[in-house]
1. Could you identify which residue out of P50, P193, P41 has the top mean-square fluctuation in a GNM of the chain using Cα springs shorter than 10 Å?
2. Rolling a 1.4 Å sphere over the protein heavy atoms, what is the accessible area per residue of the chain, to the nearest Å²?
3. Add +1 for every Lys or Arg and -1 for every Asp or Glu among the other residues with Cβ under 10 Å from the Cβ of L152, and state the total.
4. Simple spin-label model, 7 Å along Cα-to-Cβ: R86 to Q141 in nm?
5. Please compute the contact order of the chain in relative form: average sequence separation of alpha-carbon pairs under 8 Å and at least six residues apart, divided by the residue count, as a percent.
6. Give me the distance in nm between label points sitting 7 Å out from Cα along the Cα-to-Cβ direction at T198 and T42, one decimal.
7. Below 12 Å, Cα to Cα, which aspartates and glutamates can K128 reach? Residues fewer than 8 away in the same chain don't count.
8. Tell me which lysines have Cα within less than 16 Å of K79's Cα, excluding those fewer than 8 residues away on the same chain?
Amino acid sequence: MRSGLAHVRIVHVPSRKNGNHMIACEGSLEEKAVLCLELDPTVDAYRCQPFAMKGPEGGRMVPDFAIRRGHSYAVIDIKPEGQLRRQTVATRIRWARQQLAEAGIPHFLFTERILERQPALQIRSQLKAGLLVPLTAHQRQQLLACFQDTPLTVRQLRAEAIDRGISPFAVERLALLEDLRFSLHTHWSEITPLGVHTHEYTSCHFSGWGTVRHACLPL
């Protein structure tokens, strides 16, 4: 585990996508980014502080994250908005982006404007309850079969799970599996309406609905 920079709070977060090892995050923004990467079903794997690269004046630069999505890779940096007003920081970010682009690697930069945007932040904090919930293929089919031609609320689907002896947080697990669509413009609560991702009535007739990937980082 890295010790981090002086005067920077280190937060250790367990990571399912990193073999349940602890990820050392420098500050709350990196912690929020890790949750996005854990929840996003399009991110297959990621590493924190993945490699070092030469900086614009010969110094050493270390990106915050590298991610793998299928056969492609990308690099992510997390910075507070205020830091980007410093010329040295802006120069280093531009340099890193240019060097990575020459290697065919996309570079993303996120600040608190994205990581703390509501209601996406609240939705992610609620959905993480489903990360470690065991759910068999049969149980998954049972719960999805509860949907007919109208949405169910979180409370209603949770009751269906409990009646079948399934974890009540299977609702959040189904959302993480992208089986469910929901409103991206309202907070996740017991009265949140849900629809099956593949059903026509949720795919076409509910504006502003999406899946968990749409509540994560815009990669």
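1. So, out of P50, P193, P41, the one fluctuating most is P50.
2. Numbers: 11660 Å² over 219 residues.
With all protein chains present, the chain gives 53 Å² per residue.
3. On the way: positive: R155, R158; negative: E160.
Charge balance in the 10 Å sphere: +1.
4. According to this spin-label approximation, the distance is 5.7 nm.
5. Numbers: 344 pairs, mean separation 37.0, N = 219.
Here the relative contact order equals 17 percent.
6. With each label placed 7 Å out from Cα toward Cβ, I get 2.1 nm.
7. Within reach: E38, D40, E172.
8. Filter leaves K32.
The values are calculated or read from the model by the stated rules, or taken from the named source; none is laboratory data. Fair warning: this is a prediction, and the values are worked out from it, not measured in the lab. Because the Cβ atoms are built from the backbone with ideal geometry, glycine has one as well, and the counts that use them run over all protein chains shown. Note: accessible area is taken over every heavy atom of the protein model, side chains too, but ligands, DNA and RNA are not part of it. Shrake-Rupley method; radii C 1.70, N 1.55, O 1.52, S 1.80 Å.
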